[in-house]
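Please treat every number below as a calculation from the coordinates, not as lab data. Just so we're clear, the structure is a prediction, and the values are computed from it rather than from any experiment. Virtual Cβ from ideal backbone geometry, glycine too; neighbours counted across all protein chains shown.
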Amino acid sequence: MKKLAILFRRGQFHSELDEEMAFHRAQVEQELIDRGMTPEDARYAAMRQFGNAARLSDQSQELVSFRVETVLQDLHFALRQWKKNPGIALAAILILALGMGTSLSIFGFVDAALLEPLPYANPGRLMSVNESNVESPRWPLSYPDYLDWQRLNKSFSSLDVYSGAGYLLRTPSGVKPVQAERVSGSFFRTLGVHLMLGRDFYPGEDRLGGPDVVILSYGDWIDRFGARRDVVGQTADLDNRAYTIIGVLPQTFSFAPGGNAEFWVPINALSPHEHSRTFYNFGGIGRLRDGVTIEAAQAEMTAIERQLQRQYGITGRDLSANVVPLAEIIIGDVRPVLLTLLGGAGLLLLIATLNAAGLVLVRSESRKREVAVRRALGASRSRLVRQFVTEGLVLAVLGSLAGMMVAGGMMRPLAHLVPKDMASNMPFLEGVGLNAHTGALAAAIALMAALLLAVTPTLRLSFNDVRGALADATPGAASRLWRKLGANLVVAELSVAVVLLAGAGLLGQSLYRLLHVPLGFDPNHLATLQVMAPGTAYKTDEQTVGLYREVVRRISRLPGVESVGMTSMLPAQCDCASDRIQFPGRPYHGEHNEVDERHVSAAYLATLKTRLVRGRLFTDREDASMPGVAVINQALARRYFPGQDPIGQRIADDEFGTPHVWEIVGVVDDVREGPLDSDIQPTEYFPLNQTLDHGFSLAVRTRQAPGTLLPVLVSTLHQIDPSLGVSDEATMNEQIDATQAALLHRFSAWLVGGFAAMALVLGGVGLYGLIAYSVSQRRREIGIRMALGAQRSSVYRLVMLQSGWLTLAGLAIGLVCSVGASVVMRNLLFGLQPWDPLTLASVAVLLALVSIAASFLPAHRAASVNPTDALRME
Amino acid sequence: MGYGSRMAKKPELLPGTLDMLILKTLTRAPLHGYGIALSIKRLSSNVLTVEEGSLYPALQRLLLQSWVKAEWRMTETNRRARFYTLTAAGRKQLESELSQFEQMIAAIGRVLSGPQEA
């Protein structure tokens, strides 16, 4: 403690000591004068007796000095050194920054996604409750089932359902389709969410016939309602009904299965289908009672469901129940991906730090002479150690700061790169950034790096002695150790780089092939958008068909338009609109015939330029007054009508309990209706005029650039009817690029590519470091060789051969591992074998280039060694 | 004892005893550095000369251990000097060093006077 105090008043201490010693000297002087010396002689005698005042003061001071001044000296020295020779220091800082920045960013992601708890009260007790059957473990609930489950169960303290819905919101600038969620009355209470403004639903409000009330999401409140506090009590016009706003959700709230719903309404009105027990449209959540286990709840709900099935005579589906923690649903799929990423990032960090330590070691090797001279001049071991420790610390600190900047810069753009569907599963992606957790990790990493970088050069000191270094006899034990360790490390780094490069190459190729997969139609020059017709304005069949016809008529008249088509769902989106069909006249044994179902206008397939193979397409006159007709694709024909002519045959399906029969009139080429990376499913097309969808997509083929047509389309539709909800206008190619399959592949390719680039850089630098080190060790040997007549080229060969062996080893191991890794990655590969020779060959070539580049500089330096200098200097 | 041992014409202080001597000197009265050196010199009949190079580091050590305290005062000749006073802890330390020293001297004495006939 006293030392500290003295430290802070150093100046005062110094001058006090001086004063004290001056007094003492004066007294001695006086004594000598009293004894008869002359004042001159007395003063000299006193000074001599006193000795070296400066040294005295230094010595006294040294006892109390806190070593701060020596540290500053060391810093100054280090900085001067680096200004002369910036290469190694910069490389070390760069590597640290890269390694640390990457791992911090990844950790930020993982932290946000996995470690932050869900924004609900006691989330461990929240379960996702579903019906389930053999094919689909998570089957939605039907409303009557929900009511019975709620009544009969004892495992849950509360049970709620939710279902997505789309509404048309009337805004001052027109009608906009918005996403909403219909929930049962105690939904938010079950989750344990407290509203930020206003109130939750009252208990009676979710009974049939209840009031039109709505709760806003936080984002919606900010975006559409200007964050005004008086929003409670105002109304929102949804689907031409006035909903009273009763509250606003907090900012931290998110519910992944509900997507980005802006409006939350109570389920107090059911569509006719929803009254049916066999119409499954609702997701379920529940809060387990205290003391009830998941297995017990699952058993009870299964029993209840089976009982209901027996009671109501439900056949055709064998349903039981499924209870899983809500967190599993929200996070489950993503967890393994994130953990793998975290592992990869940790590996990268380790390699980066070891590389930096290797570089520092190389540097310390070239300062052997300086160290030896200093020791001969009397520097204590501890002083030298302090010097190196200071330098290591400074490198570590600078590298860490740079790393944090890199991480800060990388995290936000990475967050935006994540495809939207994956992103909605990660509720806290918004919170990714430098926060307490990442800060703590950064500090820990910095500490570890500091330790490593400070300790590494001092290891050399302890294995050498002064004379040994000056004479440079044989390399010490430390350098042998480093040679072996370093060589293994470099081989490992190169292998990792090879694996990542191969992975990136494969993913990149997959992406390319995915985007060029045969579509079955011509996606160019197509403009698309979604249209939503409000049910209140288009109640009758005539009105709806009239709308279709008017839309086609108006748009066809626009300049540049070649044809107009409408469909219930655009191609390449998903396989999610499917139908179970049977074939009248064929015996039915309960087979499950699932095909894709699309409702299209007469001109749609022609607009897509899909080839008609047999029969004919629809005509506009075929509407609900005429018998049902259908067009099928080749896949359906092959699977269900093998070797026959499907024209004239019939398909039967079951639309919400009402059987329908459709006569096949035509067969078209397979259109890729489902995702790019799935097989083409059998597909049936029904006429839009017979199915009368209120929500449909428009596809317009135009001679000009389709992007330019989009605004005109929107305004034309608004002219037809301003209450139409128009959204998602994009060209067909843009739609395809934005599908989940494309995004996922693109994201993976970029991610692995990024990692691969970094691994390559690190591997190259590691190789450079090792070769440089070994060259510096072998200067004497090289000098001797050259003195004995070796050509410069043979020196080059010597050095590069060493690097060549390492590279070869790394390549071999890496290739084997990468084949293994790609087998694991099989799902992400599209149209490629894991051992694709093109990729592997290019990786080998790339690695060879990098290794040549890395070893060139040391080889050059080795070859330009002057033999006499080398021999003499050592 | 540092620089004191280089001018080895005079007998050296036994190592480790300087602190003890200083502490003992201060039991009588507070003194400044010069006064301490003078006192030791006089009391030892000029046998023990404490070099300033040893004295001040020793005083610093004693200060750090809180065995003495220091304050600036005016001397009789109206000059400012730093006076050192013994603290209670210093007194205890002095006692323990004294007893150790006496044990040491007794032991050496026994060795020098040879084995006793039993």
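Summary of computed values
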{"quantity": "Euclidean distance of C-alpha centroids, the stretch A:486-508 and the stretch A:759-836, integer Å", "calculated": "11 Å"}
{"quantity": "Nearest-ten-degree value, helix A:706-720 long axis tilted from longest Cα axis of chain A", "calculated": "40 degrees"}
{"quantity": "Distance (nanometres) between label positions extended 7 Å along Cα→Cβ at A:Gln307 and A:Arg277", "calculated": "1.3 nm"}
{"quantity": "Helix axis angle, A:86-110 relative to chain A longest principal axis, alpha carbon, degrees", "calculated": "30 degrees"}
{"quantity": "Separation of the B:Leu98 and A:Asp679 label points, Cα + 7 Å toward Cβ, nm", "calculated": "10.4 nm"}
{"quantity": "Length released on extending from A:Ser380 to A:Leu485, taking residue separation times 0.36 nm less the Cα-Cα span", "calculated": "34.9 nm"}
{"quantity": "Principal-axis tilt of helix A:740-777 within chain A, Cα atoms, nearest 10 degrees", "calculated": "20 degrees"}
{"quantity": "Cα coordinate range in chain A, projected on the principal axes (Å, largest first)", "calculated": "138, 70, 59"}
{"quantity": "Residues of the stretch A:573-606 with amide N under 13 Å of the 7 Å Cα→Cβ point at A:Gln644", "calculated": "A:582-588"}
{"quantity": "Cross-link reach list, aspartates and glutamates versus B:Lys69, counting only Cα pairs under 20 Å and skipping chain neighbours closer than eight places", "calculated": "A:Glu16, A:Asp18, A:Glu19, A:Glu20, A:Glu62, B:Asp19, B:Glu52, B:Glu95, B:Glu97"}
{"quantity": "Estimated 222 nm signal from helices in chain A, with DSSP H stretches of n ≥ 4 weighted -39500 (n - 2.57), rounded to 500", "calculated": "-18000 deg cm²/dmol"}
{"quantity": "Solvent-free Debye scattering, log10 I(q)/I(0), computed from the Cα coordinates of the stretch B:17-108 at q = 0.13 Å⁻¹", "calculated": "-0.44"}
{"quantity": "A:Gln179-B:Ala88 pseudo-label distance in nm [points 7 Å out on the Cα-to-Cβ vector]", "calculated": "7.6 nm"}
{"quantity": "Cα-based convex hull volume of the stretch A:198-308 per residue, rounded to whole Å³", "calculated": "154 Å³"}
{"quantity": "Paramagnetic label zone (point 7 Å from Cα along Cα-to-C-beta, A:Arg241; backbone N under 15 Å) in the stretch A:522-538", "calculated": "A:534-537"}
{"quantity": "The stretch A:796-862: chymotrypsin sites (Phe, Trp or Tyr not before Pro) in DSSP coil with no more than 15 other Cβ atoms inside 10 Å", "calculated": "A:Trp835"}
{"quantity": "Share, in percent, of DSSP beta bridges within the stretch A:140-318 that are antiparallel, nearest 5", "calculated": "75 percent"}
{"quantity": "Interatomic Cα distance distribution for the stretch A:534-723, bins of 10 angstrom, percent", "calculated": "9, 35, 36, 17, 4, 0"}
{"quantity": "A:Arg513/A:Arg611 FRET efficiency (R0 22 Å; Cβ-Cβ; nearest 0.05)", "calculated": "0.45"}
{"quantity": "Cβ-Cβ FRET estimate between A:His194 and A:Val373, R0 fixed at 60 Å, reported to 0.05", "calculated": "0.25"}
{"quantity": "Net lengthening on full extension, A:Ala757/A:Tyr44 (0.36 nm per residue, minus Cα-Cα)", "calculated": "249.4 nm"}
{"quantity": "Total lysine pairs under 25 Å (Cα atoms) in chain A, excluding pairs fewer than 8 apart on one chain", "calculated": "5"}
{"quantity": "Sites A:Ala821 and B:Gln65, calculated FRET efficiency, Cβ-Cβ separation with R0 56 Å, nearest 0.05", "calculated": "0.30"}
{"quantity": "DSSP beta bridge pairing in the protein assembly as shown, given as percent antiparallel to the nearest 5", "calculated": "80 percent"}
{"quantity": "Contour excess over end-to-end distance, with Cα ends at A:Ala22 and A:Arg553 and 0.36 nm allotted per residue", "calculated": "180.2 nm"}
